[in-house]
Amino acid sequence: MAYSAWSVVFGEQWLPSAAKWNILGTNDASFNDGTGIFGLKKDLLATDSNPYKFYVYRNAAQTPGVNGKIRWDTEVFDTNNNFDSTTNYRYTAPVTGFYHLIASAGWGSTGANVAIGTQILKNGTTVLTANRFVGMYAGSYSQEAQCHWFGQLTAGDYVEVFEGAGATYALVVGNAGESFFSGYLVCRT
């Protein structure tokens with residue numbers, strides 16, 4: 001069903017024809033099943049209500065350096081092709097809205113008593129840093145610093161991830177669950 005336009009002429013306001021009453025009934029049904037609501041695509045809601053999401057990770061070896069950019073080289077998915085995994089290694093917001101981003105960086109053996117971190121930058125400015133102080137039990141264990149950011153992006157804003165370690169360490173790579181960056185649009189504004 002879909003909405004059908006109808007109108008009345010002078011004198012018909014109080015007693016529309018049977019055909020117009022039928023149109024009114026059909027329109028009422030179309031509002032109830034969602035097909036008659038202007039601008040709402042019911043099939044989009046049922047199958048894919050958010051086309052803006054991505055998940056990338058680092059596959060090849062990388063040692064970003066102190067406060068160095070992590071170059072995400074492998075896309076698990078990027079449903080609207082807004083992540084650049086070959087040149088700038090960043091996500092560019094396609095629409096204005098609130099986004100949820102998760103960045104995780106894992107490091108191999110860092111030794112004891114070091115600080116490691118992951119930073120999310122918006123348009124080149126840090127919006128969130130997750131730090132982890134590796135105590136005396138670090139040794140040969142892998143360490144990870146993960147941060148979740150919920151914030152507003154304007155269409156064209158870009159976000160990227162930097163290492164926030166106090167020294168240079170190699171990332172744990174080749175695993176989509178260790179050093180990764182992901183995000184999705186929560187709602188438009």
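The values are calculated or read from the model by the stated rules, or taken from the named source; none is laboratory data. Every value quoted in this text rests on a predicted model; they were computed, and no experiment measured them. Don't worry about glycine lacking a Cβ; one is built from the backbone with ideal geometry, like all the others, and counts go over all protein chains shown.
Every residue in the stretch 55-93 that is among the hydroxyl-bearing types (Ser, Thr, Tyr) and touching a Phe, Trp or Tyr at 6+ places or on another chain (Cβ under 6 Å), please.
Quick first cut of the stretch 55-93, residues among the hydroxyl-bearing types (Ser, Thr, Tyr) only: 55, 57, 63, 74, 79, 85-87, 89, 91-92.
Result: TYR55, TYR57, THR74, SER85, TYR89, TYR91, THR92.
Any residue at all in the stretch 154-164 that's assigned to a strand (DSSP E or B), within 18 Å of ASN82 (Cβ to Cβ) and either modelled with pLDDT under 90 or out of contact with any Leu (no Cβ under 7 Å at 6 or more places or on another chain) (or both)? Looking through the stretch 154-164, at least one residue is assigned to a strand (DSSP E or B), within 18 Å of ASN82 (Cβ to Cβ) and either modelled with pLDDT under 90 or out of contact with any Leu (no Cβ under 7 Å at 6 or more places or on another chain) (or both).
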